[in-house]
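First up is the structure itself, then whatever we jot down about it.
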Amino acid sequence: MISKSPAYFLIFFFLFFTNNMRSQVNIMGKPGYMTTPSAAWFDGKQLGFTFSYIPGEYSENILYTPRITTTDTPLSFYSVRADLTSFFEVNISIAYRPQIANKIGVGDRQLDFRFRLLKEKDLWPALVLGWTPPGSVSPVLAHDYLVATKHFNTSLGNFSATLGYGSPYIIVRKPKGNFLELEIKKKEDYLEVKYLTGFYGAASYMPLSFAGIMIEYDTKTINAGAFVKIKDWLYLQAYTFEGKKIAFTTSMNFSLDFSPHTLRKYAKDLD
């Protein structure tokens, strides 16, 4: 278990002694807050790698696997995200429980797609559709949602507000059926979780250009945390579940839009 005092010290240390910050991601590496996705979209077609730690006491809220008898063990997410176009993004995640890896193996895997429906403008928010393709026998990580996000730049700092709706239903493949034999199940009845089912919301505030704080309601718990940028490509988030347990996410993001070497050298010389 991670003790609270060192974790809070790290939060404030990074808030005051690190450099610029950009957009943050959630536990599965998708643009978002702590556990919830947003409609934010990275510039420059980025490739992202994310690691997240979730304490055992709250891991069941996010990922309850019916076939596992003990799921209140620490949960780690390893994720890769690729912005393939200006409106289409792919995310792959692995949920790993190191304490019972000998019983369940690598863990549950998930493939997600994000579709940018609307770009953010002065008078309306960005709108994104998230979709987990059907076909899995046990889609314990399925995320199907529609989400809107709006940013507000003020003299006091930058704010963002997000409102989304997560589908309460999942599409599963029949255990002995082929890939096309699908059926609709209610997520709460099938997976025994309420995370990201129904309306959820989140907000962030950046009083500084390199750091900020955030709060969210993920349809199950209320969580709060802070985020900072350590390097141009390295980001850190630390947060609590209901103010009781500490979790963290670290992510690396690299642009897939590479300019020719001579142009990049010229731009650097100008700086």
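The values are calculated or read from the model by the stated rules, or taken from the named source; none is laboratory data. Every value quoted in this text rests on a predicted model; they were computed, and no experiment measured them. Ideal geometry is used to build each Cβ from the backbone, glycine not excepted, and the neighbour counts take in all protein chains shown.
Can you name every residue in the stretch 4-47 that is charged (D, E, K, R), under 16 Å from Ser255 (Cβ atoms) and either modelled with pLDDT of 50 or more or touching a Gly at 6+ places or on another chain (Cβ under 7 Å) (or both)?
Scanning the stretch 4-47 gives Asp43, Lys45.
So Glu120 ticks every box in (1) outside any loop (DSSP other than H, G, I, E, B); (2) within 10 Å of Ala39 (Cβ to Cβ); (3) of a type outside the set (Val, Ile, Thr) but one. Which box is left unticked?
Glu120 satisfies all of (1) outside any loop (DSSP other than H, G, I, E, B); (2) within 10 Å of Ala39 (Cβ to Cβ); (3) of a type outside the set (Val, Ile, Thr) except (1).
Kindly indicate which of Ser204, Ser209 is more than 19 Å from the chain's Cα centre (by Cα) and more than 18 Å from Trp131 (Cα to Cα).
Result of the check over Ser204, Ser209: Ser209.
With the structure loaded, tell me whether Thr50 is over 21 Å from Thr197 (Cα atoms), at pLDDT 75 or above, surrounded by 15 or more Cβ atoms within 10 Å (Cβ to Cβ) and of a type in the set (Val, Ile, Thr) or whether it fails that test.
The answer is yes for Thr50.
Scan the stretch 163-182 residue by residue and report those that are part of a strand (DSSP E or B), at pLDDT below 85 and not hydrophobic (A, V, I, L, M, F, W, C).
Residue satisfying the conditions is Arg173 alone.
In the stretch 109-160, which residues are of a type in the set (Gly, Ala, Ser) and surrounded by fewer than 16 Cβ atoms within 10 Å (Cβ to Cβ)?
Passing the criteria: Gly135, Ser155, Gly157.
Please state which one of Ser167, Ser160 is farther than 20 Å from Met206 by Cβ, in contact with a His (Cβ under 9 Å, 6 or more places away or on another chain) and not β-branched (Val, Ile, Thr).
Matching residue, one of Ser167, Ser160: Ser167.
Going by the structure shown, is Asn153 in a strand (DSSP E or B) and either out of contact with any strand residue (DSSP E or B) (no Cβ under 6 Å at 6 or more places or on another chain) or at positive phi (or both)?
yes
Of all strands (runs of 3 or more DSSP E) completely enclosed by the stretch 192-271, which ones contain at least 1 residues that are at pLDDT 90 or above, at positive phi and surrounded by fewer than 19 Cβ atoms within 10 Å (Cβ to Cβ)?
Answer list for the stretch 192-271: 198-208.
Inspect the stretch 79-98 for any residue being modelled with pLDDT under 85 and of a type outside the set (Asp, Glu) and give the result as yes or no.
Taking every residue of the stretch 79-98 in turn, at least one turns out to be modelled with pLDDT under 85 and of a type outside the set (Asp, Glu).
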